[in-house]
Structures are given as C-alpha cells and as structure tokens.
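**Student:** After the structure tokens below, expect a handful of questions from me.
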Amino acid sequence: MPKKDVPTPEYQPRWGTIVDAAEEFGICTKTVRRWIAGKHLSARRIGPRLIQVDLNSINQSAETLSRVA
C-alpha cells in the first residue's frame, strides 16, 4: 500500500526588530543592518522607521556566512 503524502508545514517567518535579531544571534545591530543591505537577511519596512527582520532567516544566513568567514 503506498504511503500518503505527508503535508509539510509552510514556511512561517518570525518577525522581530533589528534589536531582537541582534540579541538573538549575539551580534551588533550594525551587523544586522549590513546583512539586510547585503540581502543576507529577509526584512521588511513597516512605515518610515520600523524595519522587521525574519528571525528564522538569521539561522539560515549564519550557516552561509560562517562558511565564508
């Protein structure tokens, strides 16, 4: 009997501020801003001042960036 396809959960971003991202990974907020500018982190602007970072993308980017460094 063939197995039924097990549904995979869709990717759910976990949004936080630049400060939240810096604290979670233990880096400086300037580094988070550099990673956003370099397209290493997913982020979105909410209004003229607030930037939200996908905290789940930090783990993915950290693996990539640690190989480079």
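**Student:** Just checking, which of 2, 48 is loosely packed, with under 12 Cβ neighbours inside 10 Å and modelled with pLDDT under 70? Talk me through it step by step, then tell me what you get.
**Tutor:** Values: 48 fails: modelled with pLDDT under 70.
The match here is 2.
**Student:** Name the residue, out of 19, 32, that is aliphatic (A, V, I, L, M), modelled with pLDDT of 95 or more and outside any loop (DSSP other than H, G, I, E, B). Give the steps one after another, and end with the answer.
**Tutor:** Numbers: 32 fails: modelled with pLDDT of 95 or more.
Within the list 19, 32, the selection yields 19.
The values are calculated or read from the model by the stated rules, or taken from the named source; none is laboratory data. This one's a predicted model, so the numbers in the text were calculated from it and none came from an experiment. So basically every Cβ, Gly included, is an ideal-geometry build from the backbone, and we count neighbours across all protein chains shown.
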